[in-house]
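The values are calculated or read from the model by the stated rules, or taken from the named source; none is laboratory data. Everything numeric in this text was worked out from a predicted model, so none of it was measured. We place every Cβ from the backbone using ideal geometry, glycine too, and count neighbours over all the protein chains shown.
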Ligand code: ARG
């Protein structure tokens, strides 16, 4: 197996540490953040000073001597720096090949991926609720989930993307009662907008507050639906159809696609069985009429896992099932019917207790799939409060994507781009939507962030448009060149010895791709890939400012074209892994 550049440098320097300071001495090799610190840095000497009873700089001197003595093929020079760091520079010829060949970018090709090939991973993401518009709260789950799907497929996992719609909630009783009162037939409901259905629901809610007869009717309708009564089911189906039409439009805009749509309703006939099963296994018991799982009464079955702080109610006193019951049925099915090895729940941080409880119960049931709550913070407005629409509701997602597309169009107009053609309409959409996706994914997913449309559509700085533009600029330059020249050139003919510092820096940046993808996929953190792409785009700018490409000749031209080609390929591959659509012209 060929290692990534970081993998190779780390492994070699680690051997020097082990032979000098013992097997346990960790070299801690990382990429340097600044060019004058070299390409890589070994930081391990600081921690070794105490156990070795010597100054870190003395240890670093010894490492440098060791590296020189080994004469590694990749090394150009090594130096001691600061309080005891070892900075190393690599020879261009040792990694140009890695940088330029797309084949070596797959983490599997360099052993950097932690998940074995073929691992079956189910990703539960997006999951909006029926008869309501998707709002800004659905943005993060949708784009993070989609990116994880693409990243895990890229590292050769077998991924199932499941949209677990909230399509069996208690709001249906009210919707059904109000629809009946307003004389709305199923066929009419199916063609309503979700905004209209939200209105229907609001009217029902207000009325149920002080009209007990209406509230009772709503409860009866809910019971009818749960009993499978035909009329109620027909209305429910119509509400699902209306929802599906609109959420599909949102997904088309975002470029998001699922493999299955098993909403809560898919599991509805299993809820009673789940509760019976828990009771008969002694995992749940009746408490004041409800059925409850008390974790601290089952510590032995938790196998060392911490007991969640609150009990899990799985059936209410009135006999109704809950979100918890539905998720237990879902978890069992994903283990037993879908044979998932791992399940990722991409849901906001506020549901963390629910998932702790669910996963603990899964453990008690002996379900094998490894479960992770991939949680994330909120999207805030520029004033730091939750992002609202002018009407005061949470901002609808479609409105937000429209606004971003419009803003992208304005920016393109400022640049004198002809906006009449279909191509530029598509481009404005890709840039606007891509800007929103990128602004979300470049954040550490655990933090909240402020949604600032002007900033995220900017063509400068760490933004989607900046990266899309970097790609389009290279693509348009490469269109001026006979395409065979830059792809076919062999390493020998590229004469990498004569590469200038900016070319080397770009190649070093490109060679980090497999590590970045692997880190992002391993940690389920797309921002690690976003950071990498941004650094590639920046190194490209520096290279392009310093080096003439089309104006150069012979081996130099071939090498620079190869770098341009690889940069374009890598930006396209990486941006697609984040869920953006690249455009060829801007
Ligand atoms: N529909 C839920 C909500 O809007 C999210 C569902 C997440 N998935 C799950 N298996 N609980 O909060």
So residue 524, is it touching a strand residue (DSSP E or B) at 6+ places or on another chain (Cβ under 6 Å) and touching a residue at least 24 places away in the same chain (Cβ under 8 Å):
yes
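Pull up region 543-559, narrow it to residues that are assigned to a helix (DSSP H, G or I) and at pLDDT below 95, then point me to the one that is surrounded by the most Cβ atoms within 10 Å (Cβ to Cβ).
559
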Identify, please: which residue in region 126-151 is within 12 Å of residue 166 (Cα to Cα) and within 8 Å of the ligand (Cβ to nearest atom) and is, among those, farthest from the chain's Cα centre (by Cα)?
129
Collect the residues in region 294-319 that are closer than 21 Å to residue 264 by Cα, surrounded by 15 or more Cβ atoms within 10 Å (Cβ to Cβ) and more than 16 Å from the ligand (Cβ to nearest atom), keeping them in residue-number order.
315
Elements of type strands (runs of 3 or more DSSP E) contained in region 251-369, each with 3 or more residues being over 21 Å from residue 128 (Cβ atoms)
285-287, 290-293, 312-315
Filter pass, residue 522 being surrounded by fewer than 21 Cβ atoms within 10 Å (Cβ to Cβ) and assigned to a helix (DSSP H, G or I)
yes
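Considering only region 53-141, give the strands (runs of 3 or more DSSP E) lying wholly within it that have at least 3 residues that are over 29 Å from residue 253 (Cβ atoms).
Working: elements: 75-81, 85-90, 120-124.
Result: 75-81, 85-90.
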Helices (runs of 4 or more DSSP H) completely within region 379-467 that count 3 or more residues being loosely packed, with under 15 Cβ neighbours inside 10 Å
397-414, 422-441
Before we move on, is residue 487 at pLDDT below 90, touching a helix residue (DSSP H, G or I) at 6+ places or on another chain (Cβ under 8 Å), assigned to a helix (DSSP H, G or I) and closer than 30 Å to residue 147 by Cα?
yes
Residue that is farthest from residue 441 (Cα to Cα), among those in region 355-394 that are out of contact with any strand residue (DSSP E or B) (no Cβ under 7 Å at 6 or more places or on another chain) and free of Cβ contacts under 8 Å to residues at least 12 places away in the same chain:
366
Region 190-247, residues that are within 23 Å of residue 321 (Cα to Cα) and not in a helix (DSSP H, G or I)
227, 228, 229
